[in-house]
Amino acid sequence: MMDEPCASVSVLFVISAKKQRHIDLQRVIKTARKYGMICDVAEVDALEAVRENTYDVIVHKVTEFAALSRQGDKKAARIIDAFKAFIASQPSSCVVVDPLARSEVLLDRELTFTKLRQCTTTHGTWRITTPTSAVIRSQDDLANLEARLSEAGVEVPVICKSVTAHGSKAAHEMCLLLSTQASPSIAPPFIAQTFVPHNAVLIKVFVVGDSFTVCHRPSIRNLQHNSATHAPLCIPFDSHDVSKPHSESHLNV
């Protein structure tokens, strides 16, 4: 947090009531006001109360509506269109966190993986890369899963994730395959990705301008190739059960 007051900086939080409680938004606002910020709160489907206001910063969490809109939900599409129009009505200097065009990429795991592959680089002794993956689009791909994984260089263990990353319970339903002959518990389209051991720690980095925050979350423990000896060939799980701050899944330890 900055050390000096921000004179007359106006901030609008566009966040659902449920998410407001989850992140303790009132505590965030209380802290912001100590630094001279003027804060308003609205839900994305109830912007009328702030329609005439202008803001320096808009912080939003509308991924659920954006995801539903991409899936053809007409009501969600109208809400997102109205939100985009509201943003367009703001001064050009207004900063939106996150820009919708960028955050929408994260709604589709195939698009996300494409972006990540573009980030592959070498920095000194560090090499930044992404795990090999394949998109299983159809029942035909599923019937030939072993061949599709081999073609893409995907190795066991394999983690399978729905292409859609937000907006439904199915987006968080995943599975681990301990054999290329195993039958996934989720239906196409999904991403099949080589599982890379990472010591059961998920590192999340949040960046705003030149500032960043790093937090650690629980994740799936390291899996060995011989894990299949005493385990089912397909292990279904919900990502909410393994990667939230207080997760205690059997996959964590």
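Just so it is clear, none of the values below were taken in a lab; they were calculated from the coordinates. None of these values were measured; they are calculated from a predicted model. All Cβ positions, even for glycine, are placed from backbone atoms using ideal geometry, and neighbour counts span all protein chains on display.
Details
- Computed over segment 10-106, the alpha-carbon pair-distance distribution with 10 angstrom bins reads 15, 49, 32, 4, 0, each value a whole percent.
- Ratio Rg/Rh [Cα only; Rh per Kirkwood] for segment 108-242: 0.97
- For segment 149-222 versus segment 9-31, the spacing of their alpha-carbon centroids is 29 Å.
- Peptides 157-166, 176-185, ordered by how many other C-beta atoms sit within 10 Å of their residues on average, highest first, read 157-166, 176-185.
- CD proxy at 222 nm, helix term only [per DSSP H run n ≥ 4: -39500 (n - 2.57); per residue of the chain; nearest 500]: -7000 deg cm²/dmol
- Kirkwood hydrodynamic radius computed over the chain comes to 20.7 Å, based on all pairs of distinct alpha carbons.
- J(HN,Hα) series, segment 42-52, from Karplus relation 6.51 cos²θ - 1.76 cosθ + 1.60, nearest Hz, glycine and proline x: 8, 8, 4, 9, 9, 8, 4, 5, 10, 4, 8
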